[in-house]
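> One structure is given below, represented as structure tokens, and several questions about it will come after.
The values are calculated or read from the model by the stated rules, or taken from the named source; none is laboratory data. Quantities reported herein were computed from a predicted structural model and do not represent experimental measurements. In this analysis, Cβ positions are derived from the backbone assuming ideal geometry, glycine residues included, and neighbour counts consider all displayed protein chains. Remember, those area values only see protein heavy atoms, side chains included, never the ligands or the DNA or RNA. Shrake-Rupley method; radii C 1.70, N 1.55, O 1.52, S 1.80 Å.
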Amino acid sequence: EAGVTQFPSHSVIEKGQTVTLRCDPISGHDNLYWYRRVMGKEIKFLLHFVKESKQDESGMPNNRFLAERTGGTYSTLKVQPAELEDSGVYFCASSFNAVGQGYGYTFGSGTRLTVV
Amino acid sequence: EDQVTQSPEALRLQEGESSSLNCSYTVSGLRGLFWYRQDPGKGPEFLFTLYSAGEEKEKERLKATLTKKESFLHITAPKPEDSATYLCAVQRDGSSNTGKLIFGQGTTLQVKP
């Protein structure tokens with residue numbers, strides 16, 4: 001079974017530019033999550049999709065971040081315009097059920113975003 | 001406010017030297033406590049979920065335990081391949097059924113041969 005796939009693995013952009021991150025969850029997983037780890041801090045929740053609907057977006061830092069999941073399959077996270085403080089590693093995770101019962105949540109390897 | 005604190009931040013062990021990692025948590029209603037392992041450049045890899053005080057789970061050299069305020073990850077006779085960052089995360093109970101995890105900062109374990 002293929003795991004959670006994220007790309008690009010690395011992205012370096014200039015302040016003010018736009019970047020789009022993509023996440024392909026495990027097939028059949030209705031629940032998809034975005035997390036972020038900025039330098040020196042813990043991994044923090046951004047939002048949770050159930051199929052194509054946003055179940056919880058309480059962790060989205062501001063309106064420069066836009067997440068979509070059209071058709072309930074892959075998801076994109078767009079940052080526009082990017083700021084220096086957006087640098088970090090963005091993780092995507094997926095699960096069959098929302099509570100992650102039994103086997104937790106499967107994480108991708110992350111996208112390392114550097115804004116210069 | 002929900003909070004997860006892991007200690008120590010870093011731990012160096014000799015191969016075969018057993019030890020424990022601590023995860024203290026404050027959450028208004030615990031649904032589950034998760035332990036993950038993370039290798040450099042990779043995403044967190046699921047190890048265990050604990051749901052209630054007194055529960056224990058084991059996997060190879062790892063054993064996780066849970067009380068009402070903290071969890072321990074015991075590593076017995078570690079090997080160099082156990083070197084990684086170990087992450088603890090809690091999931092809050094509630095009616096919204098969200099999968100949100102609240103992570104600690106992690107403990108970076110290095111096991112020397």
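> Can you give me the distance in nm between label points at B:Ala53 and B:Thr67, each placed 7 Å from the Cα along the Cα-to-Cβ direction?
According to this spin-label approximation, the distance is 1.0 nm.
> Assuming 0.36 nm per residue, please report the length gained on full extension of the stretch A:Gln17 to A:Thr73 beyond their Cα-Cα distance.
Length difference between fully extended and current span is 17.5 nm.
> So for A:Ser87, A:Ser58, what's the accessible-area order with a 1.4 Å probe, most first?
Descending accessible area places them as A:Ser58, A:Ser87.
> Using a 10 Å cut-off on Cβ to Cβ distances, tally the other chain neighbours for every residue of B:101-113 and report the average as a whole number.
Counting other chains' Cβ atoms within 10 Å and averaging over B:101-113 gives 2.
> So, one more: Calculate how large, on average over all directions, the projected area of the Cα convex hull of chain A is; give the answer in nm² to one decimal.
If I average the Cα hull's projected area over directions, I get 6.8 nm².
> Moving to a separate point now. From other protein chains only, count the Cβ atoms within 10 Å of every residue's Cβ in A:36-45, then give the mean.
4
> Pop out the carbon and sulfur fraction of the accessible area of segment B:25-100 as a percent, whole number, probe 1.4 Å.
48
> Additional query: If r is the Cβ-Cβ distance from A:Leu66 to B:Thr5 and R0 is 30 Å, what FRET efficiency results, to the nearest 0.05?
0.40
> Also, quick follow-up: I'd like the carbon and sulfur percentage of the solvent accessible area for chain A, probe radius 1.4 Å, heavy atoms only, ligands and nucleic acids excluded.
Exposed carbon and sulfur together represent 49 percent of the surface.
> Which order do peptides A:36-44, B:1-9, B:85-93 fall in by mean Cβ count within 10 Å, highest first?
B:85-93, A:36-44, B:1-9
> Enter the mean projected area of the convex hull around the alpha-carbon atoms of chain B, in nm², rounded to one decimal.
6.8
> On to the next question. In the protein assembly as shown, what is the volume of the convex hull around the alpha carbon atoms, normalised per residue and reported in Å³?
Residue-normalised Cα hull volume stands at 122 Å³.
> Right, another one. Take peptide A:105-116, look around each residue's Cβ out to 10 angstrom, count Cβ atoms belonging to other protein chains, and average those counts.
Mean shielding count: 3.
> Considering only DSSP states other than H, G, I, E and B, which chymotrypsin sites (Phe, Trp or Tyr not before Pro) in segment A:49-116 qualify as loop sites with at most 12 other Cβ atoms within 10 Å?
Those that pass, being in a loop and sparsely packed, are A:Tyr103.
> Let me ask something else. Give me the accessible area per residue for segment B:3-94, probe 1.4 Å, as a whole number in Å².
Accessible surface, normalised per residue, equals 49 Å².
> Roughly how large is the A-B contact in terms of buried accessible area, totalled over both chains, probe 1.4 Å, nearest 100 Å²?
1800
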